[in-house]
Amino acid sequence: MTNKILLVIFLLSTTCTLRAGEGMWLPQLLKALNEGEMQTMGMKLTAEQVYSVNQGSLKDAIVHFGGFCTSEVISDQGLLLTNHHCGYGQIQSHTTLEKNYLKNGFWAKNFQEELTNPGLFARFIVRIDDVTAAMLAGVTDKMSTKERQSQVDKNMATLKENKKLGPFEELMIRPFYHGNQYFSFTTVTYNDVRLVGAPPESIGKFGADTDNWEWPRHTGDFSLFRIYAGPNNEPAEYSEKNKPYAPKHFLPISLDGVQEGDFTLIFGFPGRTNQYLPGVAVQQLIETVNPARIEIRDAALKILDAEMRKDEKTKIQYASKFARVANYWKKWIGENQGLIATNALAKKTNLEKEFQIEVDANPALKAKYGDILPQFKEKYKILEPYVLSTNYYNEIMGRNIEAMRIITYLRRLSDAYDKNGKEGFDKYKERLAGPMENFYKNYSPKIDQQVFARLTKMYGNADGAKEIAASMQNYLMANRIRNYDQLAEEVFAKSMVLDKSKVLETISQSPEEAIKKIKNDPLFKMATKISEVYQEKIAGRYREINGAIADLQRRYMAGLMEVFPNERFWPDANSTMRVTYGKVQGYQPRDGITYNPLTTLDGVIAKYQPGDYEFDVPKKLLELNASRDYGNYATAEGKMPVCFLGSNHTTGGNSGSPAIDAHGNLVGLNFDRVWEGTMSDINYDPSICRNIMVDARYILFIIDKYAGAGHLVKEMKLVHPRTAQSVKKKPKKILQEPFGKQEQKLKPKEKKAIPYRGGE
Ligand code: ARG
Ligand code: ASP
């Protein structure tokens, strides 16, 4: 055999062929691309029941939650289910030392007690359309990146102008396959979304950061919200008069649970994947980018952790921020390990070899794609110091030194004045009131000063990011400051930013006075110097090189699809609605170890550490467990199920996504992935990439038995699809109206069943 044939065989068995479970698919294309496979895997629904424009379908129950998570409607009164960690910011914002909802949980007893959340929205997708032809009209291969972009922008404007939308509808257009295709999303957005219920952290965040990204898992990661609408069920700003929203469809909840091998479908809004990166990019991520950002967050987190352990107030203030920073810190560590363990780099380079051989063998392909791989190499090499500097700048100045947030506000205030005089100043000042209030409620200058000292030092010593490092060193020299501790002391002693009343007093003066003071503030001065250097030397160039890389990536994607026409390529995630499907399935993390895909309350009890901030268990839950008081929610073996694993391909943004069974019922709530598979965003590997879900029965058990909020369960529709299958009654009618109202509701206590039989 020739080398080429060997390579092809290797590729077919590793990288090239799409592997079961892989892919985040567009719901409107399931019929054409996936329906057969899904049904072979066990799905009893048709593609039309999953996504339809003309009749109620599963998609009508799926909600983009605040733009960062997924949630689903689970009652005819707009009740929304999402993760505890998705609602965390909201739960925390209503929490005080007296009303400690993080610690004790929160359960509204009636509609009046549900809590409003300014800024939070719930977005539905009405329909999805292919607009590739219109978006690429007039675009040619000969155009420069800039020309192409301007043509695409023009086309988008025309499309939006000419599109006829219903009341309250909006149109979003997004590129797919790195700009080779475009789809439009007609959306309707509700802005009155209220907090209904949340378990205590010791359930909703059980295991916290130690267990985060890991299996076996025992977290009841859920919370409940409700959409409110105006008099005609239309989107409306918050008003006391608003009523619970009546959905087109809501998900029935299965009491039958899952078994290994069961079909599962995840519907949601995955944020971002990069499955088609070239090897050079993966190498840069492993060797340069991930290590830098891990190191920075590591330093910041150590300081936060030590302070949070000292007192309860600090813990509440920093809980949400800590969890957010820790989440990706840990993910990047796992991602790097996983990329190495799965030979991601070798797989990418082998694919590239094959690609290049095919391209070189065909003059037409060669003319179109021959330069891409060498160009990637060159561009990523040039990018290196810029991407590193940008990560330092963003992580340190943009994220982990908190006072910089206020500096940004003040800078925008001063910009608003420069642009629109006193009117601009006043307007922006007004907008600032809420965010400032929130900021200071959770701010500890004492913590921030330590973070500042530690991270400015890292900035000043950043290897491989010479120019920005020099800007920090120069600042020290120019101001005759010996070291970073001294810098922190001086800045934190003199800046107004650390004190809310001083900032408010400053901006209450005349714009001229205020801006003079702001510009004299020591932290403002330092931030300005640092930012000037970053903007001047890094930002523009970084954008430019990235633009060129994006263009190469678009052409590479087109090339892959043309060179390997028999492969089924899925479009990288881009925060649009997707369907992924797989099975309930365990995995082998290491040689000789197999993970079972199901966990139970026994595992919670085994992890229990009284008083520990991650592994404490509420007394009531211990009692319910001791008396085996599981209500209707236990398994046939009398166990209380907690979490389960599946081979569904998910990413950040899929949190809160429903796990749906073969019949269209909710069986679980997606919230995480396993440690060995966190590299799935870059190199999906079916042998170890698994998503983690909370079992719906655990959620019901906590709401009903633990919290005594049975009135919420009564709102839901509980079904027994498994037992239903043995009862054959008018299947045809049900088939025609799979989500119809004729299916009666089950009261939580009733064991009687079978309302939902899906596509039996
Ligand atoms: N890893 C999950 C996701 O990426 C859950 C994160 C929330 N939990 C936490 N401890 N930070 O969002
Ligand atoms: N926990 C993630 C989220 O918040 C989901 C994931 O990354 O698997 O969306």
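The values are calculated or read from the model by the stated rules, or taken from the named source; none is laboratory data. None of these values were measured; they are calculated from a predicted model. Virtual Cβ from ideal backbone geometry, glycine too; neighbours counted across all protein chains shown. Accessible surface areas use protein heavy atoms only, side chains included; no ligands, DNA or RNA. Shrake-Rupley method; radii C 1.70, N 1.55, O 1.52, S 1.80 Å.
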Binned at 10 Å from zero, the C-alpha pair distances of the chain give percents of 2, 13, 21, 25, 21, 12, 4, 0, 0
Taking 684-690, 59-65, 493-499, 509-515 and ranking on average Cβ neighbours within 10 Å, highest first, one gets 59-65, 684-690, 493-499, 509-515
The summed charge of the D602 Cβ neighbourhood (under 14 Å; Lys/Arg +1, Asp/Glu -1) stands at +2
Most packed first (mean Cβ within 10 Å per residue), the peptides 105-116, 268-279 order as 268-279, 105-116
At 37 °C in a medium of viscosity 0.692 mPa s, region 363-453 has a Stokes-Einstein diffusion coefficient, with Rh taken as the Kirkwood radius over alpha carbon pairs, in µm² per second, of 194
Excluding ligands, DNA and RNA, the carbon-plus-sulfur percentage of the accessible area of region 138-267 with a 1.4 Å probe reads 49
Between W25 and residues 5 or more places away or on another chain, the pairs with built amide H atoms under 5 Å apart involve V579, T580
Counting only protein heavy atoms and leaving out ligands, DNA and RNA, the solvent-accessible surface of V126 at a 1.4 Å probe, in Å² to the nearest 10, equals 30
Relative contact order in percent for region 406-539 (Cα pairs under 8 Å, 6+ apart) equals 25
Sorted by accessible surface (1.4 Å probe, heavy atoms of the protein chains only), largest first, D209, D629 come out as D629, D209
So R272 and T528, fully extended at 0.36 nm per residue minus their Cα-Cα distance, gain in nm 89.0 nm
Restricting to Cα pairs under 8 Å and 6 or more apart, the percent relative contact order of the chain works out to 23
Going residue by residue through region 85-102, the Karplus relation 6.51 cos²θ - 1.76 cosθ + 1.60 with θ = phi - 60° gives ³J(HN,Hα) values, rounded to whole Hz and with x marking Gly or Pro, of 6, 7, x, 3, x, 5, 4, 5, 5, 8, 8, 10, 4, 6, 10, 8, 5, 5
Taking 0.36 nm per residue of separation between N474 and D298 and subtracting their Cα-Cα distance, the length gained on full extension comes to 60.8 nm
Here, trypsin sites (Lys or Arg not before Pro) of region 587-681 satisfying both criteria (DSSP loop; at most 11 other Cβ within 10 Å) are R590, R628
If amide H atoms are modeled at 1.01 Å from N in the peptide plane, then the residues at a separation of 5 or more from Y587, or on another chain, having amide H under 5 Å from its own are Y595
Those helices of the chain passing the 27 Å axial Cα length cut-off and the mean Kyte-Doolittle cut-off of -1.0 (DSSP H runs only) are 312-341, 372-392, 540-563
With a Förster distance of 25 angstrom and the Cβ-Cβ distance between E536 and K377, calculated FRET efficiency to the nearest 0.05 equals 0.35
Sequence order, region 591-607: Karplus ³J(HN,Hα) from phi using 6.51 cos²θ - 1.76 cosθ + 1.60, θ = phi - 60°, Hz rounded, Gly and Pro as x, gives 4, x, 10, 10, 9, 6, x, 10, 10, 9, 4, 4, x, 4, 5, 5, 8
Of all GluC sites (Glu not before Pro) in region 580-638, the ones in DSSP coil with at most 13 other Cβ atoms within 10 Å are E637
Scoring region 274-341 by relative contact order with C-alpha pairs under 8 Å, at least six apart, yields a percentage of 40
Note: T189 to K163 extended length (0.36 nm per residue) minus current alpha-carbon separation gives 7.6 nm
